[in-house]
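Here is the structure we will look at, set down as C-alpha cells.
The values are calculated or read from the model by the stated rules, or taken from the named source; none is laboratory data. All of these numbers come straight from a predicted model, not from anything done at the bench. So basically every Cβ, Gly included, is an ideal-geometry build from the backbone, and we count neighbours across all protein chains shown.
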Amino acid sequence: MQQLKLKTCIHQFDKFVEFVEEFHLNENDLVLTNQFLFDPFMKSLNLPCHFIMQEQYGVGEPSDEMMNKILNETKKISFDRIIAIGGGTIIDISKLFVLKNLENVTDAFEQSIPLEKEKSLVIIPTTCGTGSEVTNISIAEIKSKKTKMGLANDVILADDAVLIPELLSTLPFHFYATSAIDALIHATEAMVSPKANPYTDMYSKEAIRIIIDIFQGIVKNGEVYRLERLSEILMASNYAGIAFGNAGVGAVHALSYPLGGTYHVPHGEANFQFFTSVFALYQKKAPLGKIAKLNELLSLCLKVEVSKVYDTLEELLNHLIPRKPLKEYGMTIENIQGFTYNVIETQQRLLANNYVELSNQEIEEIYRELY
C-alpha cells in the first residue's frame, strides 16, 4: 500500500533574485503573476521572460471564464516552462496550462479529454496556505454549474516548488490569516483522513505545531510578529500540502465550496466557517478513532484539556479573523438545502476522505447552525 508520494523537487531561497540566478530564467519562460508582485520583486531585474498579469483577465478566485481568457493569451506565446508566482489563484490556473491541446479548461476538470503534460512547471507560492505547490490538485469555480470543481491528476504536478519567504513580506494580514488557517485545516483534515498514515501524520503534526505556535505569538505580540516567522509559516504550509496531497481533505472543504462558488468567499475564509463545527461533529460521532490523537496534539499545543480543544481553537482563530454567520456573506435560508444537495452531488471526491460518514441531514444541520 502506497504511503507517501512526492514527485516535486522542493527548493528554498531567502531572496527572489537567488531563485532567478539558480533557475536561469530566460525567453522560453512564461511567468504568470500579479502586478503587485511584479513591481517590487521582478520589475527591476529586467527579466527576458514573457509575463502575464492574472488580474488583467479577472479578479477573485479562479473561474473557468478567467482561465480560458488567459489560456487564449498563452497560445500567442512560445514557451517551454511555466513559472507561477502567486497565491492559490495563480497556482491553480498555471497547473492547467501544462496540458497538451487544451482548448477549454472545463474539459480538463470534467476529464472529457486526454490529459497529457506538455510544459514543465515551477510554482512559487506567495501566500502561506495553499500547499498547492506540492499537490496534483487544481480548483476552479465552474460558473455554469454554480460550484467549484477539482481536478486531481499527477500530470499537473509541479516539477519544482520554490519557497521564498521574502515574497510573503508584503502580504496583508487578512490574506495571511485566511491562508494560514487554510493550511491548518489541510493538516487537520489530512490527519483524520482514512488515507492518513505515519508518513502523512508526521507532516500534519509538524504543520499543526508550527502554525498554532505562530498564531499564539501573533495574539500575544500583534500582527507584525508574523514577519519574524515567514520562513516557518511557509514551511508549515508546505508540510500541510504534502500531507493533504497524499491523504486528502474532506467535509470542511466540501461544505465550503458552494459558499465560495455562489458568494465568492475566499477559499481559506470559506473553509474557516466550517472548520470547528465539522470537527466537533466528528468528535461526537467517533471520539475514540484517529481524532483522539489529533485532540491530544491540539491539547498540548493549546495548553488546555482535551475536552476544550475545539472551543479554544475557535477562540484563537477568532482573534485573527472573526468567524461570521453565513448570512453575512449573502447566504439565504433557501440555500441551506440547495448547498447540501450540491455537496452530495458534486463533492464525493472530498466526502470520501471524511473521518466518518456524514449524512445529508447532518450536513444540512451544519449549514443551518452556522447560518
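Quick notes on this structure:
- Whichever residue in region 81-131 is within 24 Å of Asn28 (Cβ to Cβ) and small (Gly, Ala, Ser) and, among such residues, is nearest to the chain's Cα centre (by Cα): Gly86
- Every pair of residues 6+ apart whose Cβ atoms lie under 8 Å, when the first sits in region 25-53 and is in the same structural domain as Lys119 (by TED's automatic domain parsing) and more than 20 Å from Met67 (Cβ to Cβ) while the second is at pLDDT 95 or above and part of a helix (DSSP H, G or I): Phe41/Phe16; Phe41/Glu166; Phe41/Leu167; Met42/Phe16; Leu45/Val17; Leu45/Val20; Leu47/Val20
- Filter result for Ile70 (touching a strand residue (DSSP E or B) at 6+ places or on another chain (Cβ under 7 Å), modelled with pLDDT of 95 or more and within 22 Å of His11 (Cβ to Cβ)): no
- Per-region count, region 66-102, residues part of a strand (DSSP E or B) and either buried (at least 22 other Cβ atoms within 10 Å of the Cβ) or aliphatic (A, V, I, L, M) (or both): 6
- Enumeration of residues in region 142-181 that are surrounded by fewer than 23 Cβ atoms within 10 Å (Cβ to Cβ), out of contact with any Leu (no Cβ under 9 Å at 6 or more places or on another chain), small (Gly, Ala, Ser) and assigned to a strand (DSSP E or B): Ala152
- When Lys324 is tested against (1) part of a helix (DSSP H, G or I); (2) at pLDDT below 95; (3) closer than 23 Å to Pro266 by Cβ, just one condition goes unmet, and that condition is (1).
- Only a single item in (1) closer than 30 Å to Gly248 by Cα; (2) surrounded by 20 or more Cβ atoms within 10 Å (Cβ to Cβ); (3) in contact with a helix residue (DSSP H, G or I) (Cβ under 7 Å, 6 or more places away or on another chain); (4) at pLDDT 95 or above is not met by Phe13, and it is number (2).
- Filtering region 254-272 to residues that are out of contact with any helix residue (DSSP H, G or I) (no Cβ under 6 Å at 6 or more places or on another chain) and of a type in the set (S, T, N, Q) leaves only Thr262.
- Counted residues, region 34-56 - those being within 21 Å of the chain's Cα centre (by Cα) and outside any loop (DSSP other than H, G, I, E, B): 5
- Flag for Ser307 being free of Cβ contacts under 8 Å to residues at least 40 places away in the same chain, at negative phi and in the same structural domain as Ala196 (by TED's automatic domain parsing): yes
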